[in-house]
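What follows draws every value from the coordinates through simple rules; no lab data is involved. As the structure is a prediction and not an experimental result, all values here were calculated from the model. As a convention, Cβ positions derive from the backbone with ideal geometry for all residues, glycine included, and neighbour counts pool all protein chains shown.
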Amino acid sequence: MFERVADVTEIPPGGRKSVIVDDVPVLLVRVGEEFLAVEDVCSHDGQPLTDGPITDGAVTCLRHGARFDLKTGAALCMPATKPIPAYVVEVRDGEVFVGPPGAKPTPIVVKVPAVSDATPQADLPVVSASTAIGDAVPTPEPGADDDIRLIEALKQVIDPELMVNIVDLGLVYSINRDDKKIYVEMTLTSPACPAGPQIVQQSKMALERLRDVDEAEIKLVMSPPWTPDRMTDEAKDQLGIF
Ligand code: FES
């Protein structure tokens, strides 16, 4: 049974309404002339999506920044790795119907391409993200031992949301050394990641603990944006992503 949840005139384009369908909270959104509905619960940690910003057909969780496609429910960015149910919506004679729950499309599993399929990154100096990622450390070159030591130091920094180290998550983009000063460019799983300051501080401390490092400068960059394909297989295993 579809449930009548609203009149079309109640929800202007760009508007939304929280409704209950078969005892489940559902977020009904009007995008242009189209009505879309998803379960109103973030798959990361249960936050209601009710007031999350909506852009480009996706809703953002206000708690940690995960985004979900409103048509499919697919999780578009971390920290969410699982989709939310997307409901079937019908408009009949000026009224909006949602459901039935049995008509939920099969949840779409986030496709995580193998690391080997990942788009090669732009030229990154000294130690690129692709060098930092992966089980296989490249054949030692001059300075490679030093690079590995720096990477190992950064591996001690754990993302508190995902409980995986920042190197295996693919957050470290580049490491440069100028004598005793280290420059690191890194990113976060999402711009809204609340753990950002903590990760930056811990990365700085991890590097400055090394005997031959006086100072570490950590720069956060959001371009290129982080995507799950940057994770090593080990990190994916830890997060239960296959
Ligand atoms: S609860 Fe939604 S992103 Fe964490």
(request) For the range 200-217, just list the computed ³J(HN,Hα) in residue order, Karplus coefficients 6.51, -1.76 and 1.60, θ = phi - 60°, integers in Hz, with x standing in for Gly and Pro. (result) 5, 5, 5, 5, 4, 5, 4, 6, 6, 6, 5, 4, 9, 10, 8, 8, 10, 10
(message) Given R₀ = 25 Å, what would the calculated FRET efficiency be for D179 paired with S223, taking r from the Cβ atoms and rounding to 0.05?
(response) 0.35
(message) Just to check I understand the Karplus step: with θ = phi - 60° and J = 6.51 cos²θ - 1.76 cosθ + 1.60, what whole-Hz values come out for the range 178-191, glycine and proline as x?
(response) 10, 6, 9, 10, 10, 10, 10, 10, 9, 10, 10, 5, 7, x
(request) Would you compute the Debye intensity of the range 3-102 from its alpha-carbon atoms alone, equal scatterers and no solvent, and pass along log10 I(q)/I(0) at q = 0.16, 0.19, 0.24 Å⁻¹ to two decimals? (result) -0.59, -0.82, -1.27
(message) As an exercise, identify the trypsin sites (Lys or Arg not before Pro) in the range 163-229 lying in DSSP coil whose Cβ has no more than 14 other Cβ atoms within 10 Å.
(response) K180, R209, R211
(request) Count the net charge of all other residues whose Cβ sits under 14 Å from the Cβ of V213, scoring Lys and Arg as +1 and Asp and Glu as -1. (result) -3
(message) Can you give me the long-range amide H partners of A58? Hydrogens built in the peptide plane at 1.01 Å from N, cutoff under 5 Å, separation of 5 or more residues or another chain.
(response) L70
(request) Please go through the residue pairs K180/K236; K155/K236; K17/K82; K82/K204 and name each one whose alpha carbons sit more than 26 Å apart in this structure. (result) K180/K236; K82/K204
(message) In whole Hz and in residue order, list the ³J(HN,Hα) couplings for the range 6-17 that follow from phi through the Karplus curve 6.51 cos²θ - 1.76 cosθ + 1.60, θ = phi - 60°; x for Gly and Pro.
(response) 6, 8, 4, 5, 5, 10, x, x, x, x, 8, 8
